[in-house]
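As structure tokens, the structure follows; a few thoughts come after it.
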Amino acid sequence: MSNPFFSNCGPFKIGEILQSLNLKSEEMYINEIVNDVKDLIASNTNDITFFHSKKYKDLANNTKASFCITTENLKEILPDTCRPIIVKNVLLATSNVTTKFYPNSINDSFDNTTNFIEKTTFKDKVRFGKNVLVGDNVSIGSNCSIGHNTIIERNVSIGDNCTIGSNSIIRNTLIGNNVKVLDNCVIGKHGFGFFPDKKTNVRYPHIGIVIIEDYCEIGCGSTIDRGSMSNTIIGKNTYLDNQIHIAHNVKIGENCIIAGQVGIAGSTILGKNIKIGGQAGISGHLKIGDNVDIAGGSGVIRDIPDNSKVMGYPAKNIRDFLKENK
């Protein structure tokens, strides 16, 4: 599927891409066409992807991409149909390639396409407060309301029967039906992705979006970052309490309940029917199974299997924690 919100400036010849990375290419491949840059799962023939950790070896072994940015140590894991592009820093090289395809994904300043809702076609179909702004490429379903001082920036789709609170900013987001976004939320801005350098920090492009499925509620003061390469997803009937941070590429399953001040780091995947107590922290690139309970204040730094109850830092089986802390 093509990217719904960011314009792809490709295709490019592989020779052009390698030149932008200061790499040489074999003469026989120099004119091969690359259509897009995608993650290991979403890539197809004539796409370029990246592979930087053995944690993703199964995905790498099955990728359909024609080219993969990777290291000398990891290249043998790729299938024969995928030619490795060897670099020293995979993520930095991928950032450069992504910027080449999607140069408009870096700038995340205010949206200058917005207009007062009274001057748009939504004025007769949406209940709205004072000082509401709406940008380009926005759709809003029936029976929706938007609170005071809220900005619906470019590239947003809101379903039917939705309520958007006051003082919120939303962009690059697909919202389903019967969703409540409470006051002071920021949804769809770029995530905390950059490469530290001695003189400056190199910002990583975020070409993903936020998807909030039906019947969700997003609590006051919460922030949901859009994905870097894949999407950030909040599953159906999931409720977020106040002041929660969901980082880029996080995927949360259906029927989850997450209490206040929880932080979930990038690219972690949560299953269905999960309950998380207040002020718990979950590290990035983890997999949390279905029907898991995480006690408040816990620090999760490892994968958690289905049907577990954990507590403490590092989070462990709740019975073991209580025995050790009598």
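Figures for the structure shown
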| quantity | calculated |
| --- | --- |
| Amide proton proximity set for LEU270, modelled H, under 5 Å, gap of 5+ | LYS251, ILE252, GLY253, ILE288 |
| Positive minus negative residues near ASN242 (Lys, Arg vs Asp, Glu; Cβ under 12 Å) | -3 |
| Whole-Hz couplings from phi, Karplus 6.51/-1.76/1.60, listed for the stretch 113-124; x for Gly and Pro | 8, 5, 9, 4, 4, 4, 9, 10, 6, 7, 4, 9 |
| Sequence-distant residues sharing a close amide H with ILE69 (under 5 Å, placed H) | THR49, PHE50, PHE51, ILE85 |
| Only Lys, Arg (+1) and Asp, Glu (-1) charged, at Cβ; the stretch 50-125 dipole about Cα centre in debye | 140 debye |
| Rg/Rh ratio calculated on Cα atoms of the stretch 167-319 (Kirkwood radius) | 0.98 |
| Residue among PRO84, PRO196, PRO205 with the largest mean-square fluctuation in a Gaussian network model of the chain, springs linking Cα atoms under 10 Å | PRO196 |
| Estimated [θ] at 222 nm from DSSP helical runs (n ≥ 4, -39500 (n - 2.57)) normalised by residues in the chain, nearest 500 | -2500 deg cm²/dmol |
| Dipole in debye (nearest 20) - the stretch 1-76, about Cα centre, beta carbon charges: Lys, Arg +1; Asp, Glu -1 | 240 debye |
| Residue-normalised accessible area of the stretch 245-326, expressed per residue, 1.4 Å probe, Å² | 50 Å² |
| Pairwise centroid distance, computed over Cα atoms, of the stretch 189-265 with the stretch 271-326, Å | 19 Å |
| Neighbour net charge for GLY227 - beta-carbon separation under 11 angstrom, K R +1, D E -1 | 0 |
| Using θ = phi - 60° and Karplus 6.51 cos²θ - 1.76 cosθ + 1.60, couplings along the stretch 263-272 (whole Hz; Gly, Pro as x) | x, 10, 6, x, 6, 7, 10, 10, x, 8 |
| Test item: Cα-centred dipole of the chain, Lys/Arg +1 and Asp/Glu -1 on Cβ, debye | 620 debye |
| Estimated FRET transfer efficiency when R0 is 30 angstrom, pair ASP160-LYS287 (beta carbons, to 0.05) | 0.35 |
| Calculated SAXS-style log₁₀ I(q)/I(0) at q = 0.07, 0.12, 0.14, 0.15 Å⁻¹ - the chain, Debye, Cα scatterers | -0.32, -0.89, -1.11, -1.20 |
| Counting DSSP beta bridges with both ends in the chain, the antiparallel % (nearest 5) | 10 percent |
| Estimated vicinal HN-Hα couplings, Hz - the stretch 307-318 in sequence order (Karplus 6.51, -1.76, 1.60; Gly, Pro = x) | 6, 9, 10, 10, 7, x, 9, x, 4, 9, 3, 4 |
| Net charge, GLY176 excluded, C-beta distance under 10 Å - Lys, Arg +1, Asp, Glu -1 | -2 |
| Fraction of antiparallel bridges per DSSP, the stretch 127-272 only, in percent to nearest 5 | 5 percent |
| Spin-label model distance (nm) - LYS119 vs GLU76, 7 Å beyond Cα toward Cβ | 6.4 nm |
| The stretch 194-267: trypsin sites (Lys or Arg not before Pro) falling in loop per DSSP and having at most 12 other Cβ within 10 Å | LYS198, LYS199 |
| Segment ASP108-LEU23, length gained on full extension (0.36 nm per residue, minus Cα span) | 27.6 nm |
| Contour minus Cα-Cα distance for LYS323 and ILE257 (0.36 nm per residue) | 21.1 nm |
| Long-range HN-HN contacts of PHE192 with modeled amide H, under 5 Å | HIS248 |
| Sparse-neighbourhood loop sites, trypsin sites (Lys or Arg not before Pro) in the stretch 1-66 - DSSP loop, at most 14 other Cβ within 10 angstrom | LYS24 |
| Beta bridges per DSSP with both ends in the stretch 38-140, % antiparallel, nearest 5 | 20 percent |
| The stretch 1-122, accessible surface, carbon-and-sulfur percent (1.4 angstrom probe) | 51 percent |
| Mean accessible surface per residue for the stretch 56-196, computed with a 1.4 Å probe while every protein chain stays in place, in Å² | 48 Å² |
| Loop-resident sites, the stretch 112-142, for trypsin sites (Lys or Arg not before Pro), counting at most 15 other Cβ within 10 Å (DSSP) | LYS125, LYS130 |
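The values are calculated or read from the model by the stated rules, or taken from the named source; none is laboratory data. Source: prediction; values computed, not measured. Note that we place each Cβ from the backbone using ideal geometry, even for glycine, and neighbour counts take in every protein chain shown. Each accessible area value is taken on the protein alone, full model and side chains, heavy atoms only, with ligands, DNA and RNA left out. Shrake-Rupley method; radii C 1.70, N 1.55, O 1.52, S 1.80 Å.
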